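What follows is one structure encoded as structure tokens, with my remarks underneath.
The values are calculated or read from the model by the stated rules, or taken from the named source; none is laboratory data. Treat the numbers as computed from the prediction; the structure is a model and nothing was measured. So basically every Cβ, Gly included, is an ideal-geometry build from the backbone, and we count neighbours across all protein chains shown.
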Amino acid sequence: MGETGRGRGTDGRVRLLRVYPAAWRARYGDELVALLEDLDGAARMSWRVRLDVVRAGLGERARVLVLGGGAPRERVRRGSVLVLYAWMLFVLGGFGVQKASEHWQAATPSGERTLPALGFDVLVVVAALGSVLVLLGVAVALPALAGLVRRGGWRTIRLPILVAVALSVSTVVATVGLAAWAHSLTAAARNGHDASYAGVFVGWVVLVAACLFAWAAAASATARRISFSLRQLRLEAGLAAATSAAMVVMTLAAAVWWGAVASAAPWFFEGRPAGAAASPLVANVIVPVAVMVCATALALAGATRALRALPALADGSG
Amino acid sequence: MARENDPPLLILTSLASGPKHGYALLLDIEDFAAVRLGPGTLYGAIGRLEERGLIEPVESSGRTRPYRLTASGSAALESALAELRTIVDEGTARLRAWARPGAAAARTVA
């Protein structure tokens, strides 16, 4: 905003506008200050006017938080990338649930396996479907990526992609080594009774997380530099919404599995003998399920941003 | 009643008579609708309308930038007014029926 010819009253008005996001102030700030001057002149602003400006400014901030701000194209891109990050977080939670659920059938009475098996099967099938959706999202961006590389843009995205590749190679090597070690251990040792294995396992989880997020960061950096067609943006938004829906279904399926096993065989979660009193509320299930819930909420926020920007894209204002 | 809740419609209606800047919009809206919009409310609605391509700024050298209707804005206003007209016509017809002799007795029975 311009700084010339301002008195104390105008400075107060400019300060009041700090409640708005910076991008909004850059676009409309001068006009709103001029309007406030026209309304109250040299007099102090009324409380009614102040409250209206503060309420509207906070509304703009909330809107940016939900919709992402910026042009519709940018909102679709950012929303889709947020869903990708959420998917990576969800995969980590999914690993945790998968690890915590090992051998649940053996601990559950045969007559009570139907509901948990249904929950678990839905989780596995929808996870495969979700992976396909994410890969489709990458495939949709490939023609635009090829165009960027042809125009000499490889050097602008080289670093994050090379970091992701290096972490992937390290993860594969670490996974093979860990699996070989795990085969030489008893089930009890694999489930926390061997401190050195547990320590290395935590390190492996960190490495997997770093690998997943490195790929998400590489995709984000690439998406910033390529220009999508309207059709590609619509496809990306649709895939983001479908992936989010898959995450909702998987989270519900995990909850069904957890609840059903908790009801039929609560001793499973604490690794106690069948029939022993035990609580199903154990950290190795609570934490991954909480991660899945948070990831799903993030994905829904991202998909909402992307979908809500579509009408403006259709208007041609993007 | 609900007019305060639809600043975009008030702004589009005001701009239908020609480009105006913020202060002129507030005065005009107060004049034809007896609604006093707050400045934050006004610029929130202006931002939304501009984002949807329904209004656009007119070139201006000063800090008070006038806005005008676009073709899409004109079509959107026409469509919104047609919807309002439907409600007005329906409401008027129902009120007439309500006020007809004998309707009071029927209302008591119902």
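Determine if region B:42-52 includes at least one residue that is farther than 20 Å from A:LEU36 by Cβ, acidic (Asp, Glu) and loosely packed, with under 14 Cβ neighbours inside 10 Å.
No, region B:42-52 has no match at all.
Can you work out which of the residues in region A:46-64 that are aliphatic (A, V, I, L, M) and closer than 27 Å to A:ALA309 by Cβ is surrounded by the fewest Cβ atoms within 10 Å (Cβ to Cβ)?
Ranking the qualifying residues of region A:46-64, first place goes to A:ALA62.
Go through (1) assigned to a loop (DSSP other than H, G, I, E, B); (2) more than 10 Å from every other protein chain (Cβ to nearest Cβ); (3) crowded, with 20+ Cβ neighbours inside 10 Å and name the single condition B:ILE11 misses.
Checking B:ILE11 against (1) assigned to a loop (DSSP other than H, G, I, E, B); (2) more than 10 Å from every other protein chain (Cβ to nearest Cβ); (3) crowded, with 20+ Cβ neighbours inside 10 Å, the one that fails is (1).
Which condition breaks for B:PRO101 when tested against (1) in a loop (DSSP other than H, G, I, E, B); (2) within 14 Å of chain A (Cβ to nearest Cβ)?
Status for B:PRO101: all satisfied but (2).
Given the criteria in contact with a Leu (Cβ under 7 Å, 6 or more places away or on another chain), part of a helix (DSSP H, G or I) and either closer than 28 Å to A:PRO311 by Cα or not aromatic (Phe, Trp, Tyr) (or both), does A:VAL200 qualify?
So A:VAL200 fits the description; yes.
Filter region B:50-71 for residues that are modelled with pLDDT of 95 or more and of a type in the set (S, T, N, Q) and give the result.
Within region B:50-71, B:THR70 is the sole residue that qualifies.
Does A:VAL134 count as modelled with pLDDT of 90 or more and within 28 Å of the chain's Cα centre (by Cα)?
So A:VAL134 passes the test.
Of the numbered conditions (1) over 22 Å from A:THR243 (Cβ atoms); (2) touching a Cys at 6+ places or on another chain (Cβ under 9 Å), A:SER168 fails exactly one; give the number of that condition.
(1)
If A:ALA277 meets every condition in (1) without any contact (Cβ under 8 Å) to a residue 60 or more places away in the chain; (2) within 14 Å of chain B (Cβ to nearest Cβ) apart from one, which number is that one?
Going through (1) without any contact (Cβ under 8 Å) to a residue 60 or more places away in the chain; (2) within 14 Å of chain B (Cβ to nearest Cβ) one by one, A:ALA277 breaks only (2).
Yes or no, residue by residue, for (1) in contact (Cβ under 8 Å) with a residue 40 or more places away in the chain; (2) surrounded by 20 or more Cβ atoms within 10 Å (Cβ to Cβ); (3) in a helix (DSSP H, G or I); (4) not aromatic (Phe, Trp, Tyr):
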residue: A:LEU207; (1), (2), (3), (4): yes, no, yes, yes
residue: A:CYS211; (1), (2), (3), (4): yes, yes, yes, yes
residue: A:THR222; (1), (2), (3), (4): yes, yes, yes, yes
residue: A:SER227; (1), (2), (3), (4): yes, no, no, yes
residue: A:ARG231; (1), (2), (3), (4): no, no, yes, yes
residue: A:LEU239; (1), (2), (3), (4): yes, yes, yes, yes
residue: A:MET247; (1), (2), (3), (4): yes, yes, yes, yes
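Can you name the residue in region B:21-79 that is under 19 Å from A:ARG50 (Cα atoms) and not in a helix (DSSP H, G or I) and is also farthest from the other protein chains (Cβ to nearest Cβ) among such residues?
By that ranking, first place goes to B:VAL35.
So, in region A:21-36, of the ones that are in contact (Cβ under 8 Å) with a residue 24 or more places away in the chain and facing chain B (nearest Cβ under 9 Å), which residue ends up surrounded by the fewest Cβ atoms within 10 Å (Cβ to Cβ)?
My answer is A:ASP30.
Please identify the pairs in which a residue from region B:7-33 that is acidic (Asp, Glu) has its Cβ atom under 7 Å from the Cβ atom of a residue that is assigned to a helix (DSSP H, G or I), counting only partners at least 6 apart or on another chain.
B:ASP28/B:SER14
Report whether or not A:THR251 is more than 30 Å from A:GLY111 (Cα to Cα), among the hydroxyl-bearing types (Ser, Thr, Tyr), within 21 Å of the chain's Cα centre (by Cα) and assigned by TED's automatic domain parsing to the domain that holds A:VAL124.
No; evaluated as a whole, the condition is false for this residue.
Look at region A:249-274 and say how many of its residues are more than 29 Å from A:ALA86 (Cα to Cα) and either among the small types (Gly, Ala, Ser) or in a loop (DSSP other than H, G, I, E, B) (or both).
Counting residues in region A:249-274 that are more than 29 Å from A:ALA86 (Cα to Cα) and either among the small types (Gly, Ala, Ser) or in a loop (DSSP other than H, G, I, E, B) (or both) gives 7.
For region B:73-91, what are the residues that are exposed (fewer than 11 other Cβ atoms within 10 Å of the Cβ), within 27 Å of B:PRO57 (Cα to Cα) and either polar (S, T, N, Q) or in contact (Cβ under 8 Å) with a residue 40 or more places away in the chain (or both)?
Result: B:SER79, single match.
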